[in-house]
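Participant: Before we start, here is the structure in question, set down as structure tokens.
The values are calculated or read from the model by the stated rules, or taken from the named source; none is laboratory data. Small disclaimer: the values here were computed from a predicted structure and weren't measured. As a convention, Cβ positions derive from the backbone with ideal geometry for all residues, glycine included, and neighbour counts pool all protein chains shown. What goes into the accessible areas is simple: the full protein's heavy atoms, side chains included, and nothing from ligands, DNA or RNA. Shrake-Rupley method; radii C 1.70, N 1.55, O 1.52, S 1.80 Å.
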Amino acid sequence: MPDLQPLAPAALTVGTLLLLFLIAPKSPISRAFAAILCIALTLRYMLWRILHTAPTHQNLLQHAYSRLFLTVELATLTSSILVYFFMSRTITRTPAATASAASPHHQAPTDVFIASYNESPDILERTIVGALALNHPDLRVWLLDDGARPWAKSLAEDLGAHYVSRVKGKHAKAGNINNAMQQALQTGRKPEFLLLLDADFIPHRTLLNRVLGLFDDPTIGIVQTPQHFFNPDPVQSNLLCTAVWPDEQRFFFNCLLPSKDAWGAAFCCGTSAVFRVQAFVTAGGMATETVTEDMLTTFKFEEFGYKTIFLNERLSLGLAPESLVDFIGQRGRWCLGAIQQIFTRWSFFGPSKMSLINRLAFFDTVLYWVSGAAFKLLLLSAPMLYWFTGTAALHATGTDLLLFAAPMVFANLLFMAYLAGNRVLPIMTDVTQLLTAFVIVRTVVTGLIRPFGRPFKVTAKGLSTTSVTIQWGILWKFAALSFLTLLGVILHVAHFSPAHGSQGYAANIFWSLVNAMILALAAAACVELPHRRRDERFQVTEQATIRLGSYTAIAGSENTRPSERSSPASSANAVEEPRHSPHPHQSPTLLTTERSGDPPQPQTEIPCLLRDISLGGAALTRLPSAPQHWRDLSGPAHLILHDDHGNELALPFTVVARRDQTLTLQFHPDPWIRHALIRRLFTGTYHQDVEQIATSQVFASLAHALFH
């Protein structure tokens, strides 16, 4: 009969946590106790690793490797302990935002800054139109052009936004924002609040309604809101997990940042943040000392008595990096910013007036970047070195691992599964970290040697491809490591191998196979599928109507421009768009298909179900199969949508595909149609978040990607 005693600590851990979460699932006490248990088990494992797992009978180089492995592992575990510490508490500021609905700050003059560098016109148009649709009585929207492009100035003026530019300015985004603030304070009325947006982020129309009341507390300098994306990141897309696995940032914004906020350690993340202008002026503007100006600005504001808080509501949508190279480059820039901060006055022991909790939060950030990627590569190298050189990373029996490692691992899995809502899954986390590991390690090493003086590279957005792209420069590393790992297993699987049956042999076989699987998935993630659509489609289930025949706009509807409400259009199909957009609360769109003097045509309405929609078109289902309806679609036809207030939006379309009871539409390329759709799709309730995560579906998608 097998000895089950080594399983007792792991079983006791699992039972305790399950009982705790079942009895008091929402209790702060349960959360804190679970965090304390995870910390205790991690410290127990660390003590065992330090005292009892040093490999014996190794030469000097092998001993140095095992010491390096232990040091980096301990640093990674320390980072995990800090995560448990911060996640022992959490806070939601939604009730406070709702309670402050009557705040006088909701009437305060507010500016919107859209920081732009190299984005395309369609991206800027989308953001400007969305910003102009914000619900606020005293609003100015500014396009901050870091390049003085004439077409960008024309675009801003045509849409009704202000424009400010500079050429060859210093300090990249931070310098661009500081330059714009100087001009905004000297132009017309002075703003009291500032909403900062990256050029690819579109705000929800209620963002200011939800945020400004929180500034009733005079010590609040920044209110950060989460970043949500309307397109999949490369890991989701390349591993075919778009519909079943959330983007990589969801754990940070949905779980970790609310917990840090509870401890007073929330920080600015750049876009979708609202600033108190007085705090901005008092502190001397955005911090310019590192390439991650957002986080550093929080610490800079704190020196003047202003804190940062986090409102965890989906109040904006933006573009995630669309290529793997840009995804990795963005993480490398974040890493470099953390390393650079070590050399500023806001370092761990720097002279700034940072609170102890913020110093601890910064230490956690640096530790994550310095140790996480390095430990990932060491985990991959350990079995290979064992097979080819006999080098052991640690000395432990299977019983030892069950006694000390298993309780810590199971506690981590349960803690994250429950408190993070399955947003942390070992395989997915391993693959994501591995994809960036080589760049992160190189950035850490070079950043510690030469932290400053590097060119600033902005993440490219709005890409489209028509064929499969293989990132060979990234893939070959994973292919080589996988080959060497499996070769080591093959060379030592035979009974005549000296390693066969030796201590650690079985553990290294298992370790190697797990590494090979992770490496294979990382290689699969380097194969980028075509991205042909310029506009992302939102998956919806919404009742709609097809209206056949000519359409005349109803007074007060979304389809009526102010000038048309008193006089009908006198030209065919269109009226020239004004140079400046009307008031942002109005949603003008000219979609009339009648010519002046033409007799009205009979109308037929066909109910249907909207399956997906984008700025360019839509897909409809549950259409009747009567053949006369298909024939009628060759004439004037509109897709009719309604909002929560009963307002009607009529979109003229062309049929591009028909199949059974499914219809694919392409909307007419009228700028007014596009603007109305921007307001509907990006400033309302539409989103692309994966809210229900089923582990089995994730693994099925990974298997599909691996053998696709």
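Participant: State, to one decimal in nm, how far the label point of residue 154 lies from the label point of residue 704, with both points 7 Å from Cα in the Cβ direction.
Facilitator: 4.4
Participant: Okay, next question. Need the full-extension length gain, residue 101 to residue 138, defined as separation in residues times 0.36 nm minus the C-alpha distance. One decimal, nm.
Facilitator: Taking 0.36 nm per residue and subtracting the Cα distance, the gain is 11.7 nm.
Participant: A follow-up question, please. Cα axis of helix 121-132 to longest principal axis of the chain: angle in degrees, 0 to 90, nearest 10?
Facilitator: For helix 121-132, the angle is close to 80 degrees.
Participant: Using the structure shown, list the pairs from 153/353; 170/353; 190/300; 190/307; 260/477 with a Cα-Cα distance above 29 Å, or answer none.
Facilitator: Long pairs (Cα-Cα over 29 Å): 153/353; 260/477.
Participant: Ranked from the most accessible area to the least, with a 1.4 Å probe and all protein chains present, what is the order of 163, 45?
Facilitator: Descending accessible area places them as 163, 45.
Participant: Any chance you could run the full-extension gain for residue 216 through residue 691? It's 0.36 nm times the residue separation minus the Cα-Cα distance, nm to one decimal.
Facilitator: Between residue 216 and residue 691, full extension yields 167.8 nm more.
Participant: So, one more: Whole-Hz ³J(HN,Hα) for each residue in the stretch 431-444, computed from phi via Karplus 6.51 cos²θ - 1.76 cosθ + 1.60 with θ = phi - 60°, x for glycine and proline: what do you get?
Facilitator: The phi angles translate into 5, 4, 5, 5, 4, 9, 4, 5, 5, 5, 4, 4, 5, 4 Hz.
Participant: Arranged from highest to lowest average of other beta-carbon atoms within 10 Å per residue, in what order do the peptides 349-362, 637-650, 288-301 appear?
Facilitator: Going from most to least packed, we get 288-301, 637-650, 349-362.
Participant: Using only C-alpha atoms and all pairs of different ones, pull out the Kirkwood radius for the stretch 95-168 in Å with one decimal.
Facilitator: The answer is 13.5 Å.
Participant: Round to the nearest 10 and give me the degree value, 0 to 90, for the angle of helix 505-524's Cα axis relative to the longest principal axis of the chain.
Facilitator: 20
Participant: May I pose another question? If amide H atoms are built 1.01 Å from N in the plane of the peptide, which residues on other chains or at least 5 residues away come under 5 Å of the amide H of residue 286?
Facilitator: Residues meeting the criterion, in which the H sits 1.01 Å from N, are 178.
Participant: OK, next. Please find the FRET efficiency linking residue 399 to residue 343, where r is the Cβ-Cβ separation and R0 is fixed at 51 Å, and quote it to the nearest 0.05.
Facilitator: 0.65
Participant: Quick one: in the stretch 1-147, what % of C-alpha pairs are over 24 Å apart?
Facilitator: Of the Cα pairs, 66 percent sit more than 24 Å apart.
Participant: By how many nm would the segment from residue 36 to residue 357 lengthen if fully extended, with 0.36 nm per residue of separation less the alpha-carbon distance?
Facilitator: 113.8 nm
Participant: How high is the relative contact order of the stretch 214-276, in percent, counting Cα pairs under 8 Å that sit 6 or more residues apart?
Facilitator: Relative contact order here is 52 percent.
Participant: So with the 1.4 Å probe, I'd like the accessible area per residue for the chain, rounded to whole Å².
Facilitator: On a per-residue basis, the chain sits at 43 Å².
Participant: Still on this structure: Determine, at each q value in 0.14 (inverse angstroms), the log₁₀ of I(q)/I(0) that the Debye formula gives when each Cα of the stretch 86-210 is one equal point scatterer.
Facilitator: Result of the Debye calculation: -0.64.
Participant: To the nearest 10 degrees, how steeply does helix 60-87 sit against the main Cα axis of the chain, on a 0 to 90 scale?
Facilitator: Between helix and principal axis, roughly 50 degrees.
Participant: Hey, another quick one. Mind jotting down the three principal axis lengths of the chain based on Cα atoms? Whole angstrom, largest first.
Facilitator: Principal axes ranked by extent give 97, 65, 53 Å for the Cα atoms.
Participant: In the chain, what percent of the accessible surface is made up of carbon and sulfur (1.4 Å probe, ligands and nucleic acids excluded)?
Facilitator: With neighbouring chains kept in place, the figure for the chain is 62 percent.
Participant: If you don't mind, another one. Give me the Debye-computed log₁₀ of I(q)/I(0) at q = 0.13, 0.14, 0.17, 0.21 Å⁻¹ for the stretch 617-708, equal point scatterers on Cα only, no solvent, two decimals.
Facilitator: Those come out to -0.68, -0.75, -0.91, -1.06, one per q.
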